[in-house]
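Written below as structure tokens is the structure these notes are about.
The values are calculated or read from the model by the stated rules, or taken from the named source; none is laboratory data. Owing to the predicted nature of the structure, the values given are computational and were not obtained by experimental measurement. All Cβ positions, glycine included, derive from the backbone under ideal geometry; neighbour counts span all protein chains shown. Just the protein is used for accessible areas: all its heavy atoms, side chains included, with ligands, DNA and RNA removed. Shrake-Rupley method; radii C 1.70, N 1.55, O 1.52, S 1.80 Å.
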Amino acid sequence: MKICVLGAGKMGTWLTDALCLQHEVAIYDVDKERLRYVFNTQRLTTLEEIRDFAPELLINSVNLKYTIKAFEEVLPYLPDGCILSDIASVKTGFQEFYKQTGRRFVSTHPMFGPTFANLKDLSAHHAIIITESDHMGKAFFKDFFGSLGLNIHQYSFDEHDETIAYSLSIPFSSTLVFAACMKKQDAPGTTFRKHMDIAKGLLSEDDYLLTEILFNPYTISQVEQIRKELKELLELIGKRDSEGMQKFLGKVRKNLE
């Protein structure tokens, strides 16, 4: 299959590496410097080159803030049969956009990133394929994600954003609160250092991506749950309620089973 990837960021270049041995792959980015270390892949820097390449599948890995804009710019240069694809971590607005284009599409979310994941072993990681996607597009990504050992899930657009609010917004919010309260530690404990590494990794991500995940319509109820549990913990600490604390710890351990 002829595949064009939009955006030579971390995920875009990883996609080209993962796909180029089985498919004819090109990657497009207006910044030539970002294409310097791309191998076994055609490097495109103009929209006319995308038209000449004539992809059968276009995977948009541009920054979430510009994903739809990038689609709109490239649409006139694509063959009619080209399937549109995004890997966005928040799907708000995408279903309406795809419907408006009238084109076939496949929407996915690889739930890992080069910041945290061991890209040589993804068996502990997950990927979501949106159920409303084109049948051929879904089949392609099932095979692709399956070949990487990823755990594959299928959700609707709405189910995806609801799931992401739980799986990303809770740890993101908790990590941001930890980092907001942080002060320099001359002798940090092991747990502190682990939290610090997570916080540094999170804050190395794009600000707009973090913002959009936290602004997911389903996020606020999850953050409210954090506030509720924190309030209970504060009350137990304030009262030095040993019995209550044992019950709280027991509840938490049960959640982790």
**OP:** Place a +1 charge on the Cβ of each Lys and Arg in region 2-155 and a -1 charge on the Cβ of each Asp and Glu, then give the dipole magnitude about the Cα centre in debye, rounded to the nearest 20.
**Re:** 300
Original post:
Gain in length, Asp206 to Ile220, computed as 0.36 nm per residue apart minus the alpha-carbon separation, to one decimal in nm?
Top reply: 3.0 nm
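Put Arg104, Arg36 in order of accessible area, largest first, 1.4 Å probe: what do you get?
On the way: Arg104 95, Arg36 120 Å².
Descending accessible area places them as Arg36, Arg104.
Got a sec? What order do Tyr66, Tyr155 fall in by accessible area at 1.4 Å, biggest, i.e. largest, first?
Numbers: Tyr66 105, Tyr155 65 Å².
Largest accessible area first, the residues go Tyr66, Tyr155.
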Original post:
Put +1 on the Cβ of each Lys and Arg and -1 on the Cβ of each Asp and Glu in the chain; which of Ile128, Gly189, Gly81 then has its Cα farthest toward the positive end of the dipole?
Top reply: Gly189
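Is it possible to state the helix-based mean residue ellipticity at 222 nm for the chain, with each DSSP H run of 4+ residues giving -39500 (n - 2.57), the sum divided by total residues, to the nearest 500 deg cm²/dmol? What is it?
The helix contribution divided over the chain gives -14500 deg cm²/dmol.
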**OP:** Report Lys142's accessible area, 1.4 Å probe, all protein chains in place, as a number in Å² to the nearest 10.
**Re:** 90
**OP:** Describe numerically, in nm with one decimal, the distance between label points set 7 Å from Cα along Cα→Cβ at Lys239 and at Asn63.
**Re:** 4.9
Original post:
Just how large is the dipole of region 160-255 about the Cα centre, in debye to the nearest 20, putting +1 at every Lys and Arg Cβ and -1 at every Asp and Glu Cβ?
Top reply: 640
Original post:
Restricting attention to region 164-247, which trypsin sites (Lys or Arg not before Pro) occupy a DSSP loop and are surrounded by at most 11 other Cβ atoms within 10 Å?
Top reply: Lys183, Lys184, Arg240
Original post:
Heavy-atom accessible area of Asp143 with all protein chains present, probe 1.4 Å, nearest 10 Å²?
Top reply: 110
**OP:** Kindly work out what percent of the DSSP beta bridges joining two residues of the chain are antiparallel, to the nearest 5.
**Re:** 10
Subject >> Three-way shape call for region 160-255 based on the alpha-carbon gyration tensor, with the a/c threshold at 1.5 >> reply: oblate
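Greater than 27 Å separation of Cα atoms is the criterion. Which listed pairs, Lys183/Lys254; Lys2/Lys200; Lys2/Lys142, meet it? Numbers along the way, then the final one.
Values: Lys183/Lys254 32 Å; Lys2/Lys200 37 Å; Lys2/Lys142 17 Å.
From Lys183/Lys254; Lys2/Lys200; Lys2/Lys142, over 27 Å: Lys183/Lys254; Lys2/Lys200.
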Original post:
Rounded to the nearest 10 Å², what accessible area does Val25 show when all protein chains are kept and the probe is 1.4 Å?
Top reply: 10
Original post:
Hey, which lysines would be in cross-link range of Lys231, C-alpha to C-alpha under 17 Å, not counting anything within fewer than 8 residues on its own chain?
Top reply: Lys239, Lys247, Lys251
Original post:
With all protein chains present, how much of the accessible area of the chain (probe radius 1.4 Å) comes from carbon and sulfur, to the nearest whole percent?
Top reply: 54
